[in-house]
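A.B. asks: Here it is, the structure in full.
The values are calculated or read from the model by the stated rules, or taken from the named source; none is laboratory data. All of these numbers come straight from a predicted model, not from anything done at the bench. With ideal geometry, Cβ positions are generated from the backbone for all residues, glycine too; neighbour counts draw on all protein chains shown.
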């Protein structure tokens, strides 16, 4: 009896070792067939598997027929098996009459039996895939990456339960792949976006990584990262010379992490600057600002719906303001400070509930200011620096979201405006900004500073980290999570 005839008679029999695995996960088949067959320099045989050092004739099956695997083959539907047998027999007759295999070939008068060709099986002292146990890897991939839950009495008995089977070996398989997987390279990073490139900075390792080129990103833009780790850039000064009616534009981009490039989205309906950005439920909110055409202060609020891919106007802010700051937390949008129509700084704080569609006042800041840094850090809204009625400021305040009260924090070492605050992995960082620096002419002028500071909570003081990081020049700063495996180290 030939091998194919035997397969035809036993077509309803499933091989226990990997029948469920073949049906559930390609990843599991890769693991079993390509990495788990060799142990201690010996071929590891599973139940109902045999090894032959020679076969009679030639199996000539394409990768499509074999299911993409060299070991074994698949014919589906099963009715096609008879046709395949006839075709293979025909090919066998042709090759038998005039074989051309590139090697010497002699047809034996009487093929040896499979029993005579069988290699003695090396017995493994480890039991694998016994009939009365469920393979934990099969369960793991069948459940789409969710580990099986231990039974309620696991703590008492030390045993676990998987799909009704109880036993110590059911919790996890006896061997694990210790090769770093793709997701293991994801790390908390500070993303610096300017008009040249988007660069990710790792403050723990002091390393920089190129995330994407950003030549189409205009200067003076604003950026935001959503709860789903989606990165957007809005606004900036861009002049479209071909558009005679509306040359000033406020563009809108989203970072494609896979392709490492910026994707253009519908621009703002009305070009504006000095606005604030918020996000709730993947929707982007552009709050107030200044009209680029008329230079008038605004109170309008625009909302971008990524599903509909369009902008809509929602409830207006109670006052017209620009140079303020906006931040989102737990489904709410907070608007703080800025300058009003009379060009005076305000200390008013508003909260917006997108579900109710209304703005409400909160406790005002201790110091009226605009152009300051802001971040959510350990349950508090922290603001630093900015412009006050007396000039640049170094003061730092924190609004406790549980008590709704403001408290004074340690001052920043230098008076600055447009400073960026980033809360990353439990640490608070201050990046860049503008300070009054004395020039060679002995005059003071606002000058951009590109350094990084870290707030040490235990000492309640600011500590310098980097004197200069050139990628921070003209950049907006975000706390995000990126996969180092996809990035190029600079």
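A.B. asks: Please verify whether segment 370-378 includes one or more residues that are closer than 19 Å to residue 344 by Cα, surrounded by fewer than 16 Cβ atoms within 10 Å (Cβ to Cβ) and at pLDDT 95 or above.
C.D. replies: Here is the first cut: in segment 370-378, the residues closer than 19 Å to residue 344 by Cα are 370-373.
Add one more test, that the residue is surrounded by fewer than 16 Cβ atoms within 10 Å (Cβ to Cβ), and what stays is none.
For segment 370-378, residues closer than 19 Å to residue 344 by Cα, surrounded by fewer than 16 Cβ atoms within 10 Å (Cβ to Cβ) and at pLDDT 95 or above: absent.
A.B. asks: Let me ask something additional. Could you grab me the full set of residues in segment 178-197 that are assigned to a strand (DSSP E or B), modelled with pLDDT under 95 and more than 14 Å from the chain's Cα centre (by Cα)?
C.D. replies: 197
A.B. asks: Identify the residue in segment 333-363 that is free of Cβ contacts under 8 Å to residues at least 40 places away in the same chain and assigned to a loop (DSSP other than H, G, I, E, B) and, among all such residues, is surrounded by the fewest Cβ atoms within 10 Å (Cβ to Cβ).
C.D. replies: It comes out as 342.
A.B. asks: Within segment 309-317, identify whether any single residue is in a strand (DSSP E or B) and under 24 Å from residue 376 (Cα atoms), and answer yes or no.
C.D. replies: no
A.B. asks: Tally time: how many residues in segment 207-220 are more than 21 Å from the chain's Cα centre (by Cα) and either modelled with pLDDT of 95 or more or surrounded by fewer than 20 Cβ atoms within 10 Å (Cβ to Cβ) (or both)? I'd like the intermediate steps shown before the answer.
C.D. replies: Step one: list which residues in segment 207-220 are more than 21 Å from the chain's Cα centre (by Cα), which gives 215-220.
From what's left, either modelled with pLDDT of 95 or more or surrounded by fewer than 20 Cβ atoms within 10 Å (Cβ to Cβ) (or both): 215-216, 218-220.
So the answer is 5.
A.B. asks: Can you run down the residue pairs with Cβ atoms below 7 Å, 6 or more apart or on separate chains, where the first is in segment 222-247 and at negative phi and the partner is exposed (fewer than 13 other Cβ atoms within 10 Å of the Cβ) and not in a loop (DSSP other than H, G, I, E, B)?
C.D. replies: Sorted first by the residue in segment 222-247, then by its partner, the pairs are 247/239.
A.B. asks: Separate question: Which condition does residue 447 not pass, out of (1) surrounded by 15 or more Cβ atoms within 10 Å (Cβ to Cβ); (2) part of a strand (DSSP E or B), if it passes all the others?
C.D. replies: That leaves (1) as the condition not met.
A.B. asks: Do you know which residues across segment 318-327 are touching a strand residue (DSSP E or B) at 6+ places or on another chain (Cβ under 6 Å) and surrounded by fewer than 22 Cβ atoms within 10 Å (Cβ to Cβ)?
C.D. replies: Quick first cut of segment 318-327, residues touching a strand residue (DSSP E or B) at 6+ places or on another chain (Cβ under 6 Å) only: 318, 320-327.
If the condition is that a residue be touching a strand residue (DSSP E or B) at 6+ places or on another chain (Cβ under 6 Å) and surrounded by fewer than 22 Cβ atoms within 10 Å (Cβ to Cβ), then 318, 320, 327 are the ones that fit.
A.B. asks: Condition test on residue 242, is it in a loop (DSSP other than H, G, I, E, B), at pLDDT 90 or above and farther than 30 Å from residue 330 by Cβ?
C.D. replies: Numbers: in a loop (DSSP other than H, G, I, E, B): yes; at pLDDT 90 or above: no; farther than 30 Å from residue 330 by Cβ: yes.
Considered against the rule, which asks whether it is in a loop (DSSP other than H, G, I, E, B), at pLDDT 90 or above and farther than 30 Å from residue 330 by Cβ, residue 242 comes out as no.
A.B. asks: Could you say which residue among 270, 260 is touching a helix residue (DSSP H, G or I) at 6+ places or on another chain (Cβ under 8 Å) and either in contact (Cβ under 8 Å) with a residue 40 or more places away in the chain or surrounded by fewer than 21 Cβ atoms within 10 Å (Cβ to Cβ) (or both)? Show your work before the answer.
C.D. replies: Working: 270 fails: touching a helix residue (DSSP H, G or I) at 6+ places or on another chain (Cβ under 8 Å).
Exactly one of 270, 260 is touching a helix residue (DSSP H, G or I) at 6+ places or on another chain (Cβ under 8 Å) and either in contact (Cβ under 8 Å) with a residue 40 or more places away in the chain or surrounded by fewer than 21 Cβ atoms within 10 Å (Cβ to Cβ) (or both), namely 260.
A.B. asks: For residues that are touching a residue at least 12 places away in the same chain (Cβ under 8 Å) and surrounded by fewer than 20 Cβ atoms within 10 Å (Cβ to Cβ), scanning just segment 381-391, find the one that is nearest to residue 452 (Cα to Cα). Even if it seems obvious, please write down each step before you answer.
C.D. replies: Quick first cut of segment 381-391, residues touching a residue at least 12 places away in the same chain (Cβ under 8 Å) only: 381-389, 391.
Then keep just the ones that are surrounded by fewer than 20 Cβ atoms within 10 Å (Cβ to Cβ); that gives 389, 391.
On the way: 389: 26, 391: 22 Å.
Among residues in segment 381-391 that are touching a residue at least 12 places away in the same chain (Cβ under 8 Å) and surrounded by fewer than 20 Cβ atoms within 10 Å (Cβ to Cβ), the one nearest to residue 452 (Cα to Cα) is 391.
A.B. asks: Additional query: Within segment 292-301, can one find any residue that is modelled with pLDDT under 95, closer than 28 Å to residue 377 by Cα and assigned to a loop (DSSP other than H, G, I, E, B)?
C.D. replies: Looking for residues that are modelled with pLDDT under 95, closer than 28 Å to residue 377 by Cα and assigned to a loop (DSSP other than H, G, I, E, B), one finds none in segment 292-301, hence no.
A.B. asks: Continuing with the same structure: Just checking, which of 427, 420 is within 30 Å of residue 482 (Cβ to Cβ), in contact (Cβ under 8 Å) with a residue 40 or more places away in the chain, surrounded by fewer than 22 Cβ atoms within 10 Å (Cβ to Cβ) and within 35 Å of the chain's Cα centre (by Cα)? Walk me through it before giving the result.
C.D. replies: Values: 420 fails: surrounded by fewer than 22 Cβ atoms within 10 Å (Cβ to Cβ).
Testing whether each residue is within 30 Å of residue 482 (Cβ to Cβ), in contact (Cβ under 8 Å) with a residue 40 or more places away in the chain, surrounded by fewer than 22 Cβ atoms within 10 Å (Cβ to Cβ) and within 35 Å of the chain's Cα centre (by Cα) leaves just 427.
A.B. asks: What about residue 232, is it closer than 17 Å to residue 197 by Cα and either modelled with pLDDT of 95 or more or buried (at least 18 other Cβ atoms within 10 Å of the Cβ) (or both)? Outline the logic, then answer.
C.D. replies: Working: closer than 17 Å to residue 197 by Cα: yes; either modelled with pLDDT of 95 or more or buried (at least 18 other Cβ atoms within 10 Å of the Cβ) (or both): yes.
When the stated conditions are applied, residue 232 passes them.
A.B. asks: Tell me yes or no: at least one residue of segment 456-470 is within 24 Å of residue 185 (Cβ to Cβ), touching a strand residue (DSSP E or B) at 6+ places or on another chain (Cβ under 8 Å) and crowded, with 17+ Cβ neighbours inside 10 Å. Steps first, please.
C.D. replies: Start the filter on segment 456-470 by keeping residues that are within 24 Å of residue 185 (Cβ to Cβ), which leaves 465-466, 469.
Checking the rest, the ones that are also touching a strand residue (DSSP E or B) at 6+ places or on another chain (Cβ under 8 Å) come to 465-466, 469.
Still in the list and also crowded, with 17+ Cβ neighbours inside 10 Å: 469.
Scanning segment 456-470 turns up at least one residue that is within 24 Å of residue 185 (Cβ to Cβ), touching a strand residue (DSSP E or B) at 6+ places or on another chain (Cβ under 8 Å) and crowded, with 17+ Cβ neighbours inside 10 Å.
A.B. asks: Return the residues of segment 411-437 that are farther than 12 Å from residue 475 by Cα, in a loop (DSSP other than H, G, I, E, B) and touching a strand residue (DSSP E or B) at 6+ places or on another chain (Cβ under 8 Å); say none if nothing qualifies.
C.D. replies: Listed by number, the residues that qualify are 411, 412, 413, 414, 415, 425.
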